[in-house]
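S.K.: Dropping a structure here in structure tokens format, bear with me for questions.
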Amino acid sequence: MHPLTVVYLEHDGKVLLVDGAGDGPLKPEPGRLESDRLLRFPTHDETQTMGIVYTEKGRIRLMFGNTEVEVVKAYPDLDWPKNWAWKDACIADNAVHPVAREAIYRSLHRLVSKVMIQNRSGKVLMARVERGHFRGFWTLPGGYMDHNEHPASGCIRETQEELGLSIELDDAEPVITQRVFNEEGVSFVSLTYRATWDGTVDELTLQTEEISEAKWFPVNEAYACAVSEFDREALRTLL
């Protein structure tokens, strides 16, 4: 039976795995489909037996069937553990318990690229979204970055897809924001750029499955109606 609380120790890409008896460290074998020994994260008592001291960074809760498992995310107080498992190798080994694989998967940042588009009057272009986390609310144009896509290219692509608008970014550093929003522990990182465009919303071609409306807002009103913490952090720089 899997413990109800385990410790996810990670140090520069290395994670500690043990077997059902708490013995380790063990390493995964990517591509392994079957094994009579399951690899998992250790419990607190097992880390103490190994003499490992750690600093807790946070906790997440994972549901598997009717069982809730608490995962303590922590940083070990030791030199780089070269004999531990590479975290990237854990995903492709079926012998690694789903709790460990899911926790590692959730530890990977989700990257979002957005843009604040202003006209010469200083107003900000916002879009009311029809799907995703902020359905029905006003947000800045943008979205998830594609694989191997630079964030500057990502917000240009998203603006073209959502609004039918081709933009060039201003020469300014993006506003970078990071948040974990819930107990699932998924970390989002947003990079919000700036652009200038002086057209009207009638010139836009909205992707109606995703965007129902676009509108120019004074900066203070845009900030007041924004529900995304990423948007609010970026808009705050314009206030």
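The values are calculated or read from the model by the stated rules, or taken from the named source; none is laboratory data. Predicted, not measured: the structure shown is a model, and the values here were computed from it. Cβ coordinates were reconstructed from backbone atoms using ideal geometry, including for glycine residues, and neighbour counts include every protein chain displayed.
S.K.: Evaluate the following for Asp202: is it in the same structural domain as Ser166 (by TED's automatic domain parsing), surrounded by 18 or more Cβ atoms within 10 Å (Cβ to Cβ), of a type in the set (D, E, K, R) and not in a loop (DSSP other than H, G, I, E, B)?
M.R.: When the stated conditions are applied, Asp202 does not pass them.
S.K.: Considering only residues of the stretch 102-127 that are surrounded by 18 or more Cβ atoms within 10 Å (Cβ to Cβ) and of a type in the set (Lys, Arg), which is farthest from Gly164 (Cα to Cα)?
M.R.: Arg106
S.K.: Test Pro42 against the criterion of being farther than 18 Å from Ala74 by Cβ and buried (at least 20 other Cβ atoms within 10 Å of the Cβ), and give yes or no.
M.R.: no
S.K.: Okay, moving on. Looking only at the stretch 157-175, filter to residues that are assigned to a helix (DSSP H, G or I) and not basic (Lys, Arg); which one of those is surrounded by the most Cβ atoms within 10 Å (Cβ to Cβ)?
M.R.: Thr159
S.K.: Among the polar types (S, T, N, Q) and closer than 13 Å to Leu111 by Cα: does that describe Thr208?
M.R.: no
S.K.: Sticking with this structure for a sec: Tell me which residues, restricted to the stretch 220-239, are small (Gly, Ala, Ser), surrounded by 15 or more Cβ atoms within 10 Å (Cβ to Cβ) and over 18 Å from the mean Cα position of the chain (by Cα).
M.R.: Answer for the stretch 220-239, where residues must be small (Gly, Ala, Ser), surrounded by 15 or more Cβ atoms within 10 Å (Cβ to Cβ) and over 18 Å from the mean Cα position of the chain (by Cα): Ala222, Ala226.
S.K.: What residue, of Gly136, Gly185, Gly154, Gly143, is closer than 30 Å to Ile60 by Cβ, free of Cβ contacts under 8 Å to residues at least 24 places away in the same chain and either assigned to a strand (DSSP E or B) or out of contact with any Phe, Trp or Tyr (no Cβ under 7 Å at 6 or more places or on another chain) (or both)?
M.R.: Matching residue, one of Gly136, Gly185, Gly154, Gly143: Gly136.
S.K.: Now for a different question. Look through Pro30, Pro3 and report the one residue that is more than 14 Å from Pro81 (Cα to Cα), in contact with a helix residue (DSSP H, G or I) (Cβ under 6 Å, 6 or more places away or on another chain) and in contact (Cβ under 8 Å) with a residue 40 or more places away in the chain.
M.R.: Testing whether each residue is more than 14 Å from Pro81 (Cα to Cα), in contact with a helix residue (DSSP H, G or I) (Cβ under 6 Å, 6 or more places away or on another chain) and in contact (Cβ under 8 Å) with a residue 40 or more places away in the chain leaves just Pro30.
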